[in-house]
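I have placed the structure first, in the form of structure tokens, so that the comments after it can refer back to it.
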Amino acid sequence: MTFEIRPATGADRDGVVVLHKAAAVTPGALARAPEEVTLAYGDYAIASDICLVAVEADATVVGEIHASRETVALFAHVLGGLTVAVHPERQGRGIGSKLFKALIAWARTQDPAILRIELAAGAGNPGAIRLYERLGFKHEGRQVARGRLPDGRFEDDILMGMLL
Ligand SMILES: CC(C)(COP(=O)(O)OP(=O)(O)OC[C@H]1O[C@@H](n2cnc3c(N)ncnc32)[C@H](O)[C@@H]1OP(=O)(O)O)[C@@H](O)C(=O)NCCC(=O)NCCS
């Protein structure tokens with residue numbers, strides 16, 4: 001299955017929402033539950049400073065990544081608020097890696113410069129953490145009991161960062 005990575009447009013909003021709802025069904029992956037993936041969330045994602053989609057030949061959105069530069073001057077070199085999702089039926093085929101590489105390439109072209117990319121991953125999402133390590137993100141800390149799962153258990157968040 002071939003796919004293209006390109007900047008998202010407003011026309012991708014519904015596809016991004018459908019994708020995130022599908023990816024959110026897997027427990028312990030995305031922070032939002034499917035019912036929290038609203039049209040407003042789709043608009044928010046697309047309005048980020050960078051929002052890239054992976055799109056198949058039939059225009060189905062199968063992957064999405066977004067992030068925004070921090071607005072306070074002290075942190076303006078930091079790209080944060082990063083979220084990535086690949087459709088469960090398309091995971092493990094390199095789409096997530098290609099989305100990240102395109103985002104990092106974009107970040108390197110920005111003026112004023114983006115010098116740091118940061119993200120957080122649930123400790124119960126080792127596959128995602130392994131991917132981030134492979135891409136060059138370093139472990140920077142752990143937020144204990146940051147998340148609370150539907151069954152009441154707490155989950156730590158792993159903080160990761162990459163300097164460009
Ligand atoms: C994490 C995610 C974005 C990775 O995208 P992907 O297209 O599956 O990743 P790639 O094919 O480029 O790379 C595969 C690597 O991703 C990681 N991975 C994480 N979840 C995976 C899954 N369900 N299936 C396959 N690989 C997964 C693994 O490290 C894998 O490498 P491995 O084969 O050595 O285990 C994607 O699996 C996903 O959307 N998961 C659900 C949502 C999520 O967890 N988002 C991140 C929140 S922090």
The chain - convex hull of the alpha-carbon atoms, volume per residue in Å³:
116 Å³
Which of the DSSP-defined H helices in the chain satisfy a minimum axial length of 18 Å, computed from C-alpha atoms, and a minimum mean Kyte-Doolittle hydropathy of 0.0?
95-108
For 162, 1, write out the residues from largest to smallest accessible area, computed with a 1.4 angstrom probe and no ligands counted.
1, 162
Of the beta bridges DSSP finds with both residues in the stretch 50-153, what % are antiparallel, to the nearest 5?
85 percent
With a 1.4 Å probe and all protein chains left in place, how much of the accessible area of the stretch 3-163 comes from carbon and sulfur atoms, in whole percent?
55 percent
Highest mean first, what order results for 113-121, 72-80 on Cβ atoms within 10 Å?
113-121, 72-80
Surface accessible to a 1.4 Å probe, per residue, for the residues of the stretch 86-127, Å²:
52 Å²
Among 126, 137, 112, the residue whose Cα sits farthest towards the positive end of the charge dipole of the stretch 111-150 (+1 at Cβ of Lys and Arg, -1 at Cβ of Asp and Glu, taken about the Cα centre) is 126
Candidate residues 132, 44: accessible-area rank, largest first, probe 1.4 Å
44, 132
FRET efficiency for residue 33 and residue 142 from the Cβ-Cβ distance with R0 = 30 Å, rounded to 0.05, comes out at 0.85
Residue 130: accessible area at probe 1.4 Å, nearest 10 Å²?
140 Å²
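The values are calculated or read from the model by the stated rules, or taken from the named source; none is laboratory data. The structure presented is a predicted model; accordingly, all values stated were derived computationally and were not measured. Note that each Cβ is placed from the backbone with ideal geometry, even for glycine, and that neighbours are counted across all protein chains shown. For accessibility, only protein heavy atoms count, side chains too; no ligands or nucleic acids. Shrake-Rupley method; radii C 1.70, N 1.55, O 1.52, S 1.80 Å.
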